[in-house]
1. Once you list every other residue whose beta carbon is under 12 Å from the beta carbon of residue 65, what net charge do they have if Lys and Arg are +1 and Asp and Glu are -1?
2. For the Cα atoms of the chain, what angle does the longest principal axis make with the long axis of helix 43-52, in degrees from 0 to 90, nearest 10?
3. Candidates (i) 0.96; (ii) 0.93; (iii) 1.02; which is the computed Rg/Rh (Cα atoms, Kirkwood Rh)?
4. Within a 10 angstrom radius of the beta carbon, how do 110, 68, 7, 13 rank from fewest other beta carbons to most?
5. What does the helix-only formula give at 222 nm for the chain: each DSSP H stretch with n ≥ 4 adding -39500 (n - 2.57), the total divided by the residues, and the result rounded to the nearest 500 deg cm²/dmol?
6. Please order 10, 4, 69 by the number of other Cβ within 10 Å, starting at the fewest.
7. Hey, quick one: spin label on residue 52, modelled 7 Å out along Cα-Cβ, who in region 1-20 has an amide N within reach, i.e. under 14 Å?
8. Of 18/83; 83/109; 11/70, which sit over 22 Å apart, Cα to Cα?
Amino acid sequence: MVITKSEPFTKEEIEKLKEQFIIYIKTVIDINKKVCSAGCDRHFDSEQILLSDGSSQADLWGGGIDLETKEIDFNSFINIRPKDGNTSNEIQDKEIRKIFEDLTKYFFKEVYE
C-alpha cells in the first residue's frame, strides 16, 4: 500500500506501509513541498504519484527506512540524475541528504519516539 501525505504517518499507517517489505519502507520525498510517498514496491511508483501531483523531478529523492535499526538510507535508482549533479543511486549532495534525513524523521516520528 502506498500512502502519500504532507503530515507524519500514524502508527496505523506505518503498519500498512510495512506490508510490502515487513521491516523496510521505501520512500520518495519532495524536499521542496515536504510531501512523502511511502510503501511502494519500486521508488518509481511513488515518484510517478508525486510527479502527477505537480512535484518537480529535481525535488524528488528516494530512499527508505529500516524499522528495526531505524537506519535511513539514501539509495534509489530515481536518484541517478547527472543533469542535477547526482551520478549515483545514493544522494550525493550533503545538504540534500540532510534535508531528506530530517524529513524522513519528521514523517516517521512514530518510529523515533
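1. -1
2. Between the helix axis and the principal axis of the chain, the angle is about 80 degrees.
3. Of the listed options (i) 0.96; (ii) 0.93; (iii) 1.02, (ii) comes from this structure.
4. Lowest count first: 68, 7, 110, 13.
5. -8500 deg cm²/dmol
6. Fewest-to-most Cβ neighbours within 10 Å comes out as 69, 10, 4.
7. Under 14 Å, as judged by backbone N against the label point of residue 52, lie 2-4 of region 1-20.
8. Table pairs above 22 Å Cα-Cα are 18/83; 83/109.
Read the figures in this text as sums done on the coordinates, not as results from a lab. All values derive from a computational prediction rather than experimental measurement. Don't worry about glycine lacking a Cβ; one is built from the backbone with ideal geometry, like all the others, and counts go over all protein chains shown.
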